[in-house]
Structure formats: C-alpha cells, structure tokens
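Working notes for the structure below.
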Amino acid sequence: MSTERVTNIVVAGVGGQGVLRATDVIAETAFLAGYDVKKTEVHGMSQRGGGVVSDVRFGPRVLSPMVPDGEADFLLVLEPTQLEPNRHRLKPDGVIIGCDRINVASLTHPKTLNVALLGVLSQYLDLSCELWCDALRRCFPPHLYSVNEEAFELGRQADGKACRRE
Amino acid sequence: MTAERRELLSGNEALAHAALACGVHLGTGYPGTPSTEILETLAAIGGKAQWAPNEKVAMEVALGVAYGNGRALVTMKHVGLNVAADPLFSAAYTGVSGALVVAVADDPGMASSQNEQDTRRYAIAAGVPVLEPSDPQEAHDFFFRAVELSEQFGTPVIVRLTTRVSHSKGSVELRPAGPPPRSPHFERNIAARVLIPAYARPAHRRLRQRLKEIAQWNETSGLNLVLTGTSDLGIIASGVAALHAREAAPQTRLLKLGMSYPLPVQTVKEFVRGVKRCVVIEEGDPVIEELCLTHGIPVEGKPEEDRFGELSVSRVRRILNGDCPPPPPPASTRPPQLCPGCPHRMVFEALRDLGCIVAGDIGCYTLGVLPPFEAMDTCTCMGASIGVGLGLRHVLPPDQARRVVSVIGDSTFVHSGLTGIVEMMYNPPPGGHVVLILDNRTTAMTGLQDHPATGRTLSGQPTHELSLEGVCRAIGVEDVTVFEEHSNKESFRALLREKLSQAKPCVIIVRRECLLAMRRRKQESLAAQQERVTCQPSE
Ligand SMILES: Cc1ncc(C[n+]2csc(CCOP(=O)(O)OP(=O)(O)O)c2C)c(N)n1
Ligand code: SF4
C-alpha cells in the first residue's frame, strides 16, 4: 500500500442529498483496495432538510472514526450553505470540492450530484477507476447503476481526466 | 478451516452478524437511534428479530427466552433502559439459565436524543457486567464474549454501544459460528426465579458474590488490553474514547478497558503503579474514574466540561495537555424540519392558531415546536404527553386548562400512552381533556419501523393489527373521533374547537400515512411486482 498516512475526507450536505451514500462509496472503494477504513456520520431523523456530515478515513491503520478538526484533506460540499459550518474541518492546504466543480446542469438526474463530486474527488486519490465502479455497483441497486456511473464520469472528466478514454 | 470473511459493516450490523453466528434464538427491542439497525439487520440476514411495543416488554420477552435456556438479544437506545430498568434489576437477582445480552446504545452529544445518560450507571446500579466495544470489529467480537459470560455466570450482560460505535462503519473480520446453543427447555427453580422477599434476600447475596467472581474472571478475560508506550503518563480509556486517545497520544501507555464493570481492579492497580501519573479518558460520566477512586487507585479524570458531548481526538489532546476547554463549537448546521407535505403540519397549524397549550411527546411531530408552528409547550419522555396534559388540566385556572391538548404519535401511544388513557378515565380532570393521536401508520422518527398498530411485523409480515380507536373505546373513552380528511383544514379546526369546548375526556385520532412510509410502501410493491414478472418462467 502506497499511502503511509491516513487520508481524511469529510462530506457535508443536507438530508436527502445522499451524503451517507457518498461516504459509503468512498469507504467501499478504499476497502476494496485493501485499506483499513472507518466511516462515521451523525444521522437519525427521517425528516428532510437537516444538515448531514459524514467522515471517511482510510490508510494502513485507522484509529478514531472521526476526522479530527483541521485535518481533513478533502471537504466535499453538496449544498453551499454547508460550507461555512464545516470549513474548520479542513486542514490549511486541504481541498474543497463543491458543486461549482462540475456543470450541474448536465447531470441526467440532480440526485446524482453526490456521485459526480466523487468523480471529481477520484482525480486526487490513488484508487483505480475499476475499484470506484465496483464500489458504485455494490452501493446502488442495479437499475440506478448506469445513471450514477455516468455522473461519476462527468465529475471525473471535470478537469480533463476520464475513466474510459478512446 | 472456515474461510475468513471480511466485510465493511457498521457496529450495529457487526453485532447482528455476531448474534446470528451465536445462534441467538430471539432478538427483540424497541426502535431508538442509534440502536435500531441491530434488529433490522438480524432479520435481514436470517435471524429471528421482532419489535416489542416498548423496551420493558422487550426485556421481559428476552428474559423469558433466557429463563428457558435460550439465547436472547434485546436492543434499545439509552433512554429505553429507563423503561426496561424494572425487569433488568430483578433479572440481575434471578439470573438466567441461557444468555441474556442487552445491547444499549448511548448518545453522547445527543445527536438524536433527549439526554446524555450513561448506561454504565445502570450496569453498576443493577449489578450487571458491561462491555464497551470501541469499533465495529469489537462490537462483533465482544458479542461472542457477552454470550459466553452470560451463560457461564448466569447473568444478564450489557453491551454499551455509543453513536460512534453503532453507526461507524469499518472493516470487520466475521467469525465463524460458535458452538451451537443448548436446546431450550424449562427447568423448575422456584427459589431462584420467584422474587418474594424470602427468596430475594439470598438472591441479593448471590448477586454480590457473582459480581466478585466476574471481577476475578475479568482480570484474565482478555477484554482489557495494555498498549505499549512511555511511562510518564498512563491513560485508561474505554469504548471509542480509547481510539481517540491512542490517536492523540500514540506514544503513551494505554490501558483499554473492554469490560469496565466489574472493574478488573488488580489489572488497573498494576497499570497505574507502572506510570508516573494516570488519566482516565471516557465518554459520558466519570464512571471508570469513580470506580478507580473507590478502590483507592490514584487516577485523574477529565475536566467537568468534557462530561458534555462526544469526545474526539482534538478534545483528548486538549485534556492531556491540560488546556482550558475552548468555547463550544459554532452552532451546528441547519435543524431538520417536517417534510414538505408531512401530515403533521396541518395539526400543528391548527394548534398554533387556536392558541392551545400543547403537552407534546417524542417523534417527528416534536418538530411542531419549531417555527413556523411553535405549537408545543412540553416534551420530556415517550408517553409523557398524556400524564403531563392531565396534570396541567387539573391545576391550571379554567381559562388556561380548557386549552390544554396532549399530542402523541401512534408508535409512542402504543409504547407508553395506553396507561395515560386509563388515568384519564380513572381520574378525569373536571374540565375534561383532549388527546390527539397522530397516526401516521409508522414509527417515522427512527426510520419507518412497523409497530403493533400497523399490523406488520419487523420483517413486514402481516400480523394482528391493534386498533387505536378500539383500544381507547375499550378503556372507556366514549368520545373517540377518527379524522381522515386531510385536505380539509377547516373541518379539522372545527372538530378541535368543538372538542375543546365540551368538558369531557375525548380522543381524536388523526390518521394519514407518513409521506416517506407511503413512498417506501409503493416502491416495495413495485419491486415485488417486478419480481413476479421476472420470475415468470420464460417460454
Ligand atoms: C424510551 C424511548 N425509546 C425510544 C425512543 C426513540 N424514539 C423517539 S420517538 C419514537 C417514536 C416515534 O414514532 P411515532 O410516535 O409514531 O411518531 P412519528 O415519528 O411517526 O411522527 C422513538 C422510537 C425514545 N426517545 N425513548
Ligand atoms: S418522515 Fe413522515 S412523519 Fe416524519 S416529517 Fe417526514 S412525512 Fe412527516
């Protein structure tokens, strides 16, 4: 395993946006890559609209499931109002990945925004495209797979990188 | 050799897998975040799991299984143990012949609860051992140990989970099935099982003796680990706090207590002797700290400020550095709201506009307290709405008393509202009372679980459906109205006005399915239809 240290990712959004699904996919991908993984979240209520934050960490050995404040390498923000309340999670040179990173209008389904941002994130991580797609397959029911894979690809291409080239 | 299986699981799922592997005969409980998914998972992977009307009944059903030599799992959130405390305390006296494992999920930080009570206090008060897993792997492994301990000593065992253990996911190495349980059968043991004073007195002595033996067992149980490090400082920690501590101070010697009560006193003494000073890092109340001090072991605790909320790596670093607590973190993110189109909305608009004094209860509808409704005046614990409403009716001056309404959800009503209705009919306030049951056909708050009045079991099978109107009438309420015309706000207001003006006890059942429950039901029937189609033999 190449990464010696733990990679810390925080995903923030509001209920119904698929924050937890997003961290599930990251955790699954890292798990498939053979890393020790922990993911945590605060959830509980069925109602819509509350803020939801979820942390994923992976590396050779992960202790606490929570990303310590100021140590997140990446902060994914699915809803702009959730940036400020979570900015303190990011380390000084950490990367914010927000909706502005992709062309939201070109998503086939707005609900796949979470996965599109994972596509953007994937450009920064040393996890293969095959693993990401395997993880998507495990985390979504078959009939939702292709629309999500498409969203992932959109995010992955956002800055020029793509899974399938030529 | 059985092949090892590694899976990415939450603590709740990992515990359910262990329950299945241990051949648990029955899992029972009542939903409550963050414990709910244990039984849902157990049912999904092929175990027998069922929802009880409340935690007390669940504990009693589980106790019956364990009296019958079976293996039982009972699950609940921390406040559920308040409801189940009565049978738990007595079960500690009677002991069990099979296994009784009580999985209780605490919620430090109150992500979704009304208080931060620490289940370990109950373990000590009742005289029941408590295990504290720190992550999903340990939630899995410790369950096997809990069954072993329960059967070896004939004691109920508590597994204390916390939000970060229940809901965190991690890689879990699943153990192969353990030795099969004994076959259930009944052996008469009147002196042990019937707690009349003459039998209970020796039972109390047996309990204290048993705890001594368990403390001895715990010295070599393998549940408590010393992680190497320097000796200027030692840390004693349990649960997820032990992981925070190890991350915050990887070079510091650490005693991780997997079973904090009964305390392995010799192990702790030896550890403390080996370090210059020793700090206890635990989430919630200073339970381990107090146990150590009671045994004359010199340890330091955390600052009072760190009794509140969850611990984290940064908080532990600060405690170890002896820094003053920083100001509380920025106000958390957006609070939840009732879903757009939620059937509860219409009710709270009416309560607001009619100026009612609302004795509320716990569920999605508690959000009626927030703007734009602000139509709830009390909410303490499940079921309290009816009693509190009656008390207000008894004592308030008439112009206020006649505006008092009790509001309770369907699941909460079955959990602990029934006896409130009995009270209403037994000791009716002079001005009568109005109880509103918000029957959205599900336990929405905790993620849409079924309950006795939905007529479906935990696994979605049809079963006897408790009739809310029928049970209210049977208790003696003559005036029971079922309101189902949700589009007609005005007629609901008129009904409420009418009931408030007549000075007698009455119940209004507002029946309209929760939107999310309806959506899920439709998805399920669609999926079932598709399955039927795809299962057609192909030509
Ligand atoms: C003793 C206890 N057990 C469990 C809970 C968790 N809990 C809170 S409200 C609730 C039930 C909510 O269902 P219902 O009354 O039908 O209202 P709804 O959320 O559907 O509106 C549960 C299980 C609790 N707070 N206290
Ligand atoms: S989950 Fe159901 S009961 Fe809860 S707020 Fe939404 S619609 Fe209302």
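The values are calculated or read from the model by the stated rules, or taken from the named source; none is laboratory data. Since the model is a prediction, treat every value here as computed from it, not as a measurement. Counting neighbours? That spans all protein chains shown, and the Cβs are built from the backbone with ideal geometry, glycine included. Ligands, DNA and RNA are excluded from the accessible area calculation, which covers all protein heavy atoms including side chains. Shrake-Rupley method; radii C 1.70, N 1.55, O 1.52, S 1.80 Å.
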* How many residues does segment B:470-480 hold that are more than 16 Å from ligand 1 (Cβ to nearest atom) and either surrounded by fewer than 18 Cβ atoms within 10 Å (Cβ to Cβ) or within 27 Å of B:GLY80 (Cα to Cα) (or both)? -> 7
* Structure fact -> By residue number, the members of segment B:95-147 that are away from ligand 1 (no atom under 16 Å from the Cβ), surrounded by fewer than 24 Cβ atoms within 10 Å (Cβ to Cβ) and among the aliphatic types (A, V, I, L, M) are B:ILE124, B:ALA125, B:ALA126
* Structure fact -> Of the residues in segment B:495-524, those that are more than 12 Å from ligand 1 (Cβ to nearest atom) and within 13 Å of chain A (Cβ to nearest Cβ) number 5
* Structure fact -> Expected output for segment B:415-442 (first residue more than 16 Å from B:GLY476 (Cβ to Cβ), partner at pLDDT below 95 and more than 16 Å from ligand 1 (Cβ to nearest atom), Cβ below 7 Å, 6+ apart or cross-chain) is B:GLY431/B:ALA503
* Would you pick out the residues in segment A:29-43 that are in contact with a helix residue (DSSP H, G or I) (Cβ under 8 Å, 6 or more places away or on another chain) and hydroxyl-bearing (Ser, Thr, Tyr)? -> A:THR29, A:THR40
* To do: Of the conditions (1) assigned to a loop (DSSP other than H, G, I, E, B); (2) more than 7 Å from chain B (Cβ to nearest Cβ); (3) buried (at least 22 other Cβ atoms within 10 Å of the Cβ), A:GLY16 clears all except one; give me its number.
  => (3)
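Rundown of residues vs (1) more than 21 Å from the chain's Cα centre (by Cα); (2) of a type in the set (Val, Ile, Thr), yes/no style:
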site: B:GLU374; (1), (2): yes, no
site: B:CYS379; (1), (2): no, no
site: B:GLY391; (1), (2): yes, no
site: B:VAL405; (1), (2): yes, yes
site: B:GLY432; (1), (2): yes, no
site: B:ASN440; (1), (2): yes, no
site: B:THR443; (1), (2): no, yes
site: B:THR446; (1), (2): no, yes
site: B:THR457; (1), (2): no, yes
* Residues being surrounded by 14 or more Cβ atoms within 10 Å (Cβ to Cβ) and in contact with a Lys or Arg (Cβ under 6 Å, 6 or more places away or on another chain) - total across segment B:169-184 -> 5
* Identify all residues within segment B:373-401 that are part of a loop (DSSP other than H, G, I, E, B) and either among the polar types (S, T, N, Q) or open to solvent by less than 50 Å² (accessible area, probe 1.4 Å) (or both); write none if there are none. => B:PHE373, B:ALA375, B:MET376, B:THR380, B:GLY383, B:LEU396
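In segment B:338-368, how many residues are part of a helix (DSSP H, G or I) and away from ligand 1 (no atom under 13 Å from the Cβ)?
So the first thing to find is which residues in segment B:338-368 are part of a helix (DSSP H, G or I), and the list is B:344-353, B:364-368.
Now drop any that are not away from ligand 1 (no atom under 13 Å from the Cβ), which leaves B:346, B:349-353.
The qualifying residues number 6.
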* **Filtered residue count, segment B:352-372, keeping only those that are more than 12 Å from ligand 2 (Cβ to nearest atom) and either buried (at least 21 other Cβ atoms within 10 Å of the Cβ) or in contact (Cβ under 8 Å) with a residue 24 or more places away in the chain (or both)** => 10
* Asked: Given the conditions (1) open to solvent by less than 60 Å² (accessible area, probe 1.4 Å); (2) touching a residue at least 40 places away in the same chain (Cβ under 8 Å), and given that A:CYS133 satisfies all but one, which numbered condition is not satisfied?
  -> (2)
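Suppose we filter segment B:221-237 for residues that are buried (at least 21 other Cβ atoms within 10 Å of the Cβ) and within 14 Å of chain A (Cβ to nearest Cβ); how many remain?
So in segment B:221-237, the residues buried (at least 21 other Cβ atoms within 10 Å of the Cβ) come out as B:223-224, B:234-237.
Remaining after also requiring within 14 Å of chain A (Cβ to nearest Cβ): B:235, B:237.
Final tally of qualifying residues: 2.
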* Yes/no for B:THR481 being of a type in the set (S, T, N, Q) and within 12 Å of ligand 2 (Cβ to nearest atom) -> no
* Asked: What are the pairs, 6+ residues apart or on separate chains, where a residue within segment B:494-513 that is open to solvent by 50 Å² or more (accessible area, probe 1.4 Å) has its Cβ under 7 Å from a residue that is of a type in the set (S, T, N, Q)?
  -> B:ARG512/B:ASN440
* Pull up segment B:421-462, narrow it to residues that are of a type in the set (Asp, Glu) and within 16 Å of ligand 2 (Cβ to nearest atom), then point me to the one that is surrounded by the most Cβ atoms within 10 Å (Cβ to Cβ). => B:ASP439
* **Residues of segment B:64-94 classified as assigned to a helix (DSSP H, G or I) and touching a helix residue (DSSP H, G or I) at 6+ places or on another chain (Cβ under 7 Å), total** => 14
* Structure fact -> Reported set for segment B:203-216 where residues are of a type outside the set (Lys, Arg), over 26 Å from the mean Cα position of the chain (by Cα) and surrounded by 17 or more Cβ atoms within 10 Å (Cβ to Cβ) is B:ALA203, B:ALA215
